[in-house]
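S.K.: Have a look at this one before I ask anything.
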Amino acid sequence: MEHGQNLNSFYTLDNAQDKSISFIPQNYVIPKMHRPNLAPQYANLAAIDMAALKNGSTSRSHVIREIRDACRRLGFFQVVNHGVSESVLDEALTVASKFFDLPTKEKMELMSNDVHKPVRCGTSIKDGVDKVQFWRVFLKHYAHPLKDWVHMWPENPKDYREKMGRYCQEVKKVGLEVMKAIIESLELNPSYITKEIEDGMQVMAVNCYPPCPQPEIALGLPPHSDYSCLTILYQSCQGLQIMDFEDNTWKAIPHIPGALQVHVGDHFEVLSNGLYKSVVHRATLNRDSTRISLTSLFSLGMDDKMETAKELVDDQNPKKYRESSFRDFLDFLSTNDFSEGNNNFIDILKIKNYN
């Protein structure tokens, strides 16, 4: 891979930030069949009140039912009253934005296409490698345990480690609470894989989607599901779309200030034996404004295998998925082209005759 090719990608997207380009290069133009509808219907989303999980058994039971319904219907919901303060959310978005405003060459120092690296920066999915490129700059870094990784995070902006570190710790608490509630909603023992989840991976994908002069023929990210058990997203403005399983159409996710978005990931689809679906989603673009998203992906440890809960397998419901780990996903990511939006990790986990 040519170093210059990667530099060109960074310069293209940095220029887009300044709105100094009027069209997108050909390698960002996606095939017609995959082009987005920029004015879709809004998804009919559950807004889960996290405070109600702690208001006694009757209130908790009601919320658990809401979570079960949302995981079955869409694999996606929003959470409110989650305990992460507005200042923590705002400060994390601010330092993320400051990072992407750094000079191109400074960001390039962290550039890598090695998906196994614990801290890396890049554009698209894999710079200059995928057939179609995507209109985003990203910073990815491991975040749990924080003390093991924070020293490898960017030194600039000066307050990045402090502000993003606080956000990661707060969102980790929410993630653990939501994951335990999802396990309870499957009628599994509340302590089922709790220790593995508490000790598991937290990967931050900090995304910047610059203004795009032709948002109708490009995407920030192609359709995909997340490898994780659970993903929690906070975004600066609207742009996320999800596939609605009920009518197979793309639906927009409204931007509710302060709400966190929760995606069911591939590993919880595996755990549930397909009762819950990993949500397929994509990132659309805006002609006039930059969108920042803070994506926190929670999974088991690097080599811990997620498998289907034995309690959810019987003669009527045979096991539908193979077990896999986070490392298995990274190996898959490093050897596959995601640019056409039809190459999901979950598909290789499905046991033949159950796809």
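S.K.: Filter the stretch 60-81 for residues that are on the phi > 0 side of the Ramachandran plot and surrounded by fewer than 18 Cβ atoms within 10 Å (Cβ to Cβ) and give the result.
M.R.: Of everything in the stretch 60-81, just one residue is on the phi > 0 side of the Ramachandran plot and surrounded by fewer than 18 Cβ atoms within 10 Å (Cβ to Cβ), namely Asn81.
S.K.: Answer yes if at least one residue in the stretch 19-29 is in contact with a Pro (Cβ under 9 Å, 6 or more places away or on another chain), over 30 Å from Ile217 (Cβ atoms) and at pLDDT 90 or above, and no otherwise.
M.R.: no
To keep it simple, each residue is scored yes or no on (1) in a strand (DSSP E or B); (2) at pLDDT below 90.
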position	(1), (2)
Asn44	no, no
Ser61	no, no
Ile64	no, no
Val79	yes, no
Leu89	no, no
Ser97	no, no
Ile125	no, yes
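S.K.: Can you confirm whether the stretch 23-41 contains a residue that is among the basic types (Lys, Arg), closer than 20 Å to Gln238 by Cβ, open to solvent by 70 Å² or more (accessible area, probe 1.4 Å) and in contact (Cβ under 8 Å) with a residue 40 or more places away in the chain?
M.R.: Yes, the stretch 23-41 has at least one match.
S.K.: Can you confirm whether the stretch 136-159 contains a residue that is charged (D, E, K, R) and at pLDDT below 95?
M.R.: Scanning the stretch 136-159, I find at least one residue that is charged (D, E, K, R) and at pLDDT below 95, so the answer is yes.
S.K.: Continuing with this model, one more query. Based on what the data block shows, is Thr58 among the hydroxyl-bearing types (Ser, Thr, Tyr) and under 30 Å from Lys131 (Cα atoms)?
M.R.: No; evaluated as a whole, the condition is false for this residue.
S.K.: Quick check, is Val115 of a type in the set (A, V, I, L, M), at pLDDT below 90, touching a helix residue (DSSP H, G or I) at 6+ places or on another chain (Cβ under 6 Å) and open to solvent by less than 50 Å² (accessible area, probe 1.4 Å)?
M.R.: Yes, satisfied.
So that you can scan it fast, the table gives a plain yes or no per residue for (1) at pLDDT below 95; (2) surrounded by 18 or more Cβ atoms within 10 Å (Cβ to Cβ):
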{"position": "Asp247", "(1), (2)": "yes, no"}
{"position": "Glu269", "(1), (2)": "no, yes"}
{"position": "Leu285", "(1), (2)": "no, yes"}
{"position": "Arg291", "(1), (2)": "no, yes"}
{"position": "Leu297", "(1), (2)": "no, yes"}
{"position": "Glu323", "(1), (2)": "no, no"}
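S.K.: Which condition does Ile183 not pass, out of (1) surrounded by 17 or more Cβ atoms within 10 Å (Cβ to Cβ); (2) over 26 Å from Leu312 (Cβ atoms), if it passes all the others?
M.R.: With (1) surrounded by 17 or more Cβ atoms within 10 Å (Cβ to Cβ); (2) over 26 Å from Leu312 (Cβ atoms) applied to Ile183, the lone miss is (2).
S.K.: Of the residues that sit in the stretch 133-153 and are in contact with a helix residue (DSSP H, G or I) (Cβ under 7 Å, 6 or more places away or on another chain) and open to solvent by 10 Å² or more (accessible area, probe 1.4 Å), which one is nearest to Asn286 (Cα to Cα)?
M.R.: Among those that are in contact with a helix residue (DSSP H, G or I) (Cβ under 7 Å, 6 or more places away or on another chain) and open to solvent by 10 Å² or more (accessible area, probe 1.4 Å), it is Tyr142.
S.K.: Could you list, in sequence order, the residues of the stretch 53-94 that are in contact (Cβ under 8 Å) with a residue 60 or more places away in the chain and among the charged types (D, E, K, R)?
M.R.: Arg65, Arg68, Arg72, Arg73, Glu86, Glu91
S.K.: Considering only residues that are more than 15 Å from the chain's Cα centre (by Cα), touching a residue at least 12 places away in the same chain (Cβ under 8 Å) and closer than 30 Å to Asp148 by Cα, which ones fall in the stretch 184-222?
M.R.: Tyr192, Ile193, Thr194, Glu196, Ile197, Glu198, Asp199, Gly200, listed by residue number.
S.K.: Now for a different question. Go through the stretch 187-301 and tell me which strands (runs of 3 or more DSSP E), entirely inside it, have 1 or more residues that are within 27 Å of Asn15 (Cβ to Cβ) and among the polar types (S, T, N, Q).
M.R.: Filter on the stretch 187-301 gives 201-209, 230-235, 240-244, 291-299.
S.K.: Go through the residues of the stretch 146-159 one by one and say whether even a single one is under 19 Å from the mean Cα position of the chain (by Cα) and either touching a residue at least 60 places away in the same chain (Cβ under 8 Å) or part of a strand (DSSP E or B) (or both).
M.R.: no
S.K.: Which one of Leu102, Leu93 is within 24 Å of the chain's Cα centre (by Cα) and part of a loop (DSSP other than H, G, I, E, B)?
M.R.: Leu102
The values are calculated or read from the model by the stated rules, or taken from the named source; none is laboratory data. This one's a predicted model, so the numbers in the text were calculated from it and none came from an experiment. So basically every Cβ, Gly included, is an ideal-geometry build from the backbone, and we count neighbours across all protein chains shown. To get the accessible areas, we keep the full protein, side chains included, count just its heavy atoms, and leave off ligands, DNA and RNA. Shrake-Rupley method; radii C 1.70, N 1.55, O 1.52, S 1.80 Å.
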